[in-house]
Amino acid sequence: MPSRPRTAFAGVAVVAAWSAWQPADVAVWWMEALPAVVGLPLVWLLWQRFPWTRLAAWAMALHAVVLLVGAHYTYAETPLGFWLQDAFDFSRNHYDRIGHIAQGFFPALLAREVLSRKTPLRGGWLAFLATCFCLAFSALYELIEWWAALALGAGADAFLATQGDPWDTQWDMFLALCGAVLAQLTLAPLHNRQLATLQAARY
């Protein structure tokens, strides 16, 4: 059984501590950071029952970093987004676009791993259902943003990060789709090798 990814998760713990220190908006920090600060400790605690491949573990860690950086500044005010805006003459801060590509890219590997290990799915059906999971997850997140807007009114603006774009929701889901497809096109062979090694080690 693979050992827990101590280096990856320790790095996330450092980023989480920095992210939680004087964030731009405490309520937004909790809404944005919650998947990372709850999800990764659960993965760590349940590792004996369900160990992950190294690729999946690093995917979780990198996705957590994306979430935690956005949570600290709010997505619309993240310095990396402003740098990209200046460098490429974008009309707005696009860090939230990076976040939504990540929302498809990294979860696609996690969904692929669970489906590969718990079902007989392979090939095209595996890729299709992993992609469907990412689209469903992205749609759920957009619903959460909608509910937050209804509950908080103008106070939800920093969480929504639409920056006046009427098509922000559609862009978010489309980019998650692109991320999910890209992850599987580029990393499926490596992931398959690690899955085979993991299965062999368990049996």
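See the values below:
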read-out: Point-to-point label distance, Lys118-Ala20, nm (Cα→Cβ direction, 7 Å offset); value: 2.8
read-out: With every protein chain in place, the chain: carbon and sulfur % of accessible area (1.4 Å); value: 71
read-out: Surface per residue (accessible, 1.4 Å probe) for the chain, Å²; value: 53
read-out: Span per principal axis, largest first, for the Cα atoms of segment 3-43 (Å); value: 36, 17, 8
read-out: At 0.890 mPa s and 25 °C, Stokes D of the chain from Kirkwood alpha-carbon radius, µm² per second; value: 138
read-out: Kirkwood Rh in Å, taken over all unlike Cα pairs in segment 39-149; value: 15.7
read-out: Computed FRET value (nearest 0.05) for Trp167 with Ala27, which takes r as the C-beta separation and R₀ as 45 Å; value: 0.95
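The values are calculated or read from the model by the stated rules, or taken from the named source; none is laboratory data. In this text the structure is predicted, and so the values were computed from the model without any measurement. Counting neighbours? That spans all protein chains shown, and the Cβs are built from the backbone with ideal geometry, glycine included. Ligands, DNA and RNA are stripped out before the accessible areas are found, and what is left, the full protein with its side chains, is counted by its heavy atoms. Shrake-Rupley method; radii C 1.70, N 1.55, O 1.52, S 1.80 Å.
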